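Colleague: Have a look at this one.
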Amino acid sequence: MTTSRLRGSLVTAVTWVLVLAFFFPVAWMVFTAFKPESQAATMPPTFAPDFTLDRFETVFSRNMLPYLINSLSASLGSTLLVLALAVPAAYALSIRPIVNVRDALFFFISTRFMPVAASIIPVYLLLQSVGGLDNVTWLTILYIGVNLPIAVWMMRSFLAEVPRELIEAAQLDGARLGTEIFRVVLPIVLPGVAAAGLICFIFAWNEFFLANLLTAQVARTTPPFLTSFVDGRGQFLSVLSAASTVAIVPVVAAGWIAQKQLVRGLAMGAIK
Amino acid sequence: MTTLTSTPTTRRLGRPAAPAAKPARPRGLAVSRALLWPALATSIVLTQIPFVVTIYYSLQNWNLLRPGDRDFAGLDNYATVLRDGSFLSSLGSTVLITGSSVLLSTLLGLLFAVLLDRSFTGQGAARTLMITPFLVMPAAAALVWKWSILESTTGMANWALGLVGIPPVAWNTDVPIVTIILVLTWQYTPFAMLILLAGLQAQTKDVLEAAAVDGAGAVRTFLAITLPHLRQYVEISVLLASIMLLQVFDPVAIMTRGTGGTKTLSYLLYERAFVGLQVGEAAAYGVMTVLITIVVATVALRTLFKVFSKEGLGR
């Protein structure tokens, strides 16, 4: 009995060591953000720095706020539009199946699997010719294309769990389609809608390729902005860490809160 | 148990569950179409049409530096792409980076899934910490790894190596490809872990108890029962991760700019199109990249649907 308990504690200890090692880069980044620049990149590392909030002040004095706002508009805007398109589509695919459910699902997911690189050149040239470069609205629209398939798949999987009897009962009662969706189905799948929305938000918030290529000053989002903190001439590690910390907080916090929903979302509904 | 009698294999052999022929009311189909088409049309406009245009561009001789000089080139761009050598070496880099990152993150993901499936003090907290790398913005991850962890003189990796007497490694300059693989493995391990953890939790406890009663040890039970059960979850995780990583761009652009064998296909295309302004040639790279991805994606989708059909697609 005691040996097995000892072994259990040992495995637990090993688990914690590995988990903390894995988490270390994030912890170190946050820790470094609170250091003065002179104590950030030192060898040996400074473990007891003079804590300061100055780097966060620097980050915002370098005007990070507009970039965060751009990220927020593009992420929130695209997420809401994606949900508005995906929920009805998933509804049609799961609760009122039409003939080619498989084909439609296959199509949606294949668009997600297609490298963005495959369609970026015409998109870039089109935006250039209509003056759509460096524009948050266009970035938002492109993010819809990126996230729509994931949302459709996730929502399909959540909708498949709605008890069929409930819908049939509503239909027998002569409920209109609107009532059927908003009164009967939506309340049940609301957590699913939130999860799908969260995943879309995360992907949009973290997106770098399109943002880097299609925006410059006005519409620049946070991920490409972060790279501007790397400074070839001086020390920059703690200010970079502070900016990165600010950049990851919204999504990490949201992910921590809704982690149970993440699994299904990430597997695009393939796992229940 | 009913769950055991409806075996996946029988369903898998049969035709994929077709949507049940529902005694549809006449308006049903029209309503379904109306609900579906906005999403479908958006997807087509945003992803399919640009791809068709890319194919068209790939058949053109077109450099943005010489806008007047634009004519039909047939398959010349493809010939250039194949002859150039950058494509093949880039394909090699992509396969190497994707392959090693997926392999490492799956193995580590399996390890963490098994460790975090046990109940222990702080299990919830440990899981929360473990999913974090996947949530971290890839641009931030790349920057922090490059400058804070892997930097050769002040980085934490070399400091840790120094503690055990290993001389410092110039990660960023000597082995750029390793730095990319490290970051990607770090970011995708939680992804693999989440999927495999879901697999472990879906395992029927009766079988495990029966094995214990029969006197099978933990290791044997794991190898003989758990691992085969996990197979489908491993497949999903590997394939989804492969498809995401085949397009990898962020750490390459931020950490290495394609040096030291890290020029992935996405980065190569980006360079040709937006630095070299070779529209036609870059488009040909794009089409080739898609063809390769289709091969992987087809395998991926088959697997997804295999798992999926058990749940009864469309019911």
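Colleague: So is B:ASP206 surrounded by fewer than 16 Cβ atoms within 10 Å (Cβ to Cβ), over 29 Å from the mean Cα position of the chain (by Cα) and acidic (Asp, Glu) or not?
Modeller: Details: surrounded by fewer than 16 Cβ atoms within 10 Å (Cβ to Cβ): yes; over 29 Å from the mean Cα position of the chain (by Cα): yes; acidic (Asp, Glu): yes.
Yes, satisfied.
Colleague: Looking only at helices (runs of 4 or more DSSP H) that lie completely in the stretch A:47-156, which have at least 3 residues being β-branched (Val, Ile, Thr)? Spell out the reasoning first.
Modeller: On the way: elements: A:54-61, A:64-94, A:101-113, A:117-129.
Counting at least 3 such residues, we get A:64-94, A:101-113, A:117-129.
Colleague: Looking only at residues that are over 16 Å from B:ALA192 (Cα atoms) and of a type in the set (D, E, K, R) in the stretch B:209-234, which one is farthest from the chain's Cα centre (by Cα)?
Modeller: Among those that are over 16 Å from B:ALA192 (Cα atoms) and of a type in the set (D, E, K, R), it is B:ASP214.
Colleague: Of all residues in the stretch A:26-45 being touching a helix residue (DSSP H, G or I) at 6+ places or on another chain (Cβ under 8 Å) and facing another protein chain (nearest Cβ under 7 Å), which is modelled with the lowest pLDDT?
Modeller: Looking at the filtered set, the residue picked out is A:MET43.
Colleague: Please list, ordered by residue number, the helices (runs of 4 or more DSSP H) wholly in the stretch B:105-166 having 2 or more residues that are surrounded by fewer than 21 Cβ atoms within 10 Å (Cβ to Cβ).
Modeller: Of the helices (runs of 4 or more DSSP H) lying wholly inside the stretch B:105-166, those with at least 2 residues that are surrounded by fewer than 21 Cβ atoms within 10 Å (Cβ to Cβ) span B:123-135, B:156-163.
Colleague: I would also like to ask the following. Which pairs have Cβ atoms under 6 Å, sit 6 or more apart or on different chains, and link a residue in the stretch B:154-174 that is aliphatic (A, V, I, L, M) to one that is part of a loop (DSSP other than H, G, I, E, B)?
Modeller: B:ALA157/B:LEU150; B:ALA170/B:SER152
Colleague: What helices (runs of 4 or more DSSP H) completely inside the stretch B:1-95 contain at least 2 residues that are modelled with pLDDT of 75 or more? Break it down stepwise before answering.
Modeller: On the way: elements: B:2-5, B:8-13, B:26-43, B:49-58, B:76-84.
Once the helices (runs of 4 or more DSSP H) in the stretch B:1-95 are filtered for at least 2 residues that are modelled with pLDDT of 75 or more, what remains is B:26-43, B:49-58, B:76-84.
Colleague: Further question on the same structure: Taking A:PHE23, is it of a type outside the set (Ser, Thr, Tyr), under 30 Å from A:ALA196 (Cα atoms), within 13 Å of chain B (Cβ to nearest Cβ) and part of a helix (DSSP H, G or I)?
Modeller: Answer is yes for this residue.
Colleague: Another question, if that's okay. Within the set of pairs 6 or more residues apart or between chains, which connect a residue that is surrounded by 15 or more Cβ atoms within 10 Å (Cβ to Cβ) inside the stretch A:164-187 to a residue that is acidic (Asp, Glu) with Cβ atoms less than 6 Å apart?
Modeller: A:ALA170/A:GLU180
Colleague: Considering only residues that are hydrophobic (A, V, I, L, M, F, W, C), part of a helix (DSSP H, G or I) and more than 23 Å from B:ARG70 (Cβ to Cβ), which ones fall in the stretch B:247-289?
Modeller: Within the stretch B:247-289, the first condition is being hydrophobic (A, V, I, L, M, F, W, C), and the residues that meet it are B:248-249, B:252-255, B:265, B:268-269, B:273-275, B:277, B:279, B:282-284, B:287-288.
Filter once more, keeping what is part of a helix (DSSP H, G or I): B:252-255, B:265, B:268-269, B:273-274, B:279, B:282-284, B:287-288.
Within the stretch B:247-289, B:VAL252, B:ALA253, B:ILE254, B:MET255, B:LEU265 meet the criteria.
Colleague: If you go through the stretch A:126-146, how many residues are out of contact with any Leu (no Cβ under 8 Å at 6 or more places or on another chain) and at positive phi?
Modeller: The number of residues fulfilling the criteria is 1.
Colleague: Filter the stretch A:13-42 for residues that are of a type in the set (A, V, I, L, M) and farther than 15 Å from A:ALA242 by Cβ and give the result.
Modeller: Listed by number, the residues that qualify are A:ALA13, A:VAL14, A:VAL17, A:LEU18, A:VAL19, A:LEU20, A:ALA21.
Colleague: Which ranges mark the helices (runs of 4 or more DSSP H) fully within the stretch B:174-246 that have 3 or more residues being aromatic (Phe, Trp, Tyr)?
Modeller: Passing ranges, in order: B:176-201.
Colleague: Report yes if A:ARG156 is free of Cβ contacts under 8 Å to residues at least 40 places away in the same chain and either within 22 Å of the chain's Cα centre (by Cα) or within 12 Å of chain B (Cβ to nearest Cβ) (or both), otherwise no.
Modeller: Considered against the rule, which asks whether it is free of Cβ contacts under 8 Å to residues at least 40 places away in the same chain and either within 22 Å of the chain's Cα centre (by Cα) or within 12 Å of chain B (Cβ to nearest Cβ) (or both), A:ARG156 comes out as no.
Colleague: May I pose another question? Given the stretch A:179-267, what helices (runs of 4 or more DSSP H) lie entirely inside it while holding 1 or more residues that are under 12 Å from the mean Cα position of the chain (by Cα)?
Modeller: By residue number, A:186-206, A:237-257, A:259-266.
Colleague: Give me the pairs: first residue in the stretch A:98-127 and facing chain B (nearest Cβ under 7 Å), second residue basic (Lys, Arg), beta-carbon distance under 8 Å, and six or more apart or on different chains, which are they?
Modeller: A:ILE98/B:ARG33
Colleague: Separate question: Given the structure, is B:THR185 within 7 Å of chain A (Cβ to nearest Cβ), among the hydroxyl-bearing types (Ser, Thr, Tyr), surrounded by 15 or more Cβ atoms within 10 Å (Cβ to Cβ) and within 30 Å of A:PRO250 (Cα to Cα)?
Modeller: no
The values are calculated or read from the model by the stated rules, or taken from the named source; none is laboratory data. Bear in mind that the values here come from a model prediction, so they are computed numbers and not experimental data. Every residue, glycine among them, receives a Cβ derived from its backbone with ideal geometry; neighbour counts consider all protein chains shown.
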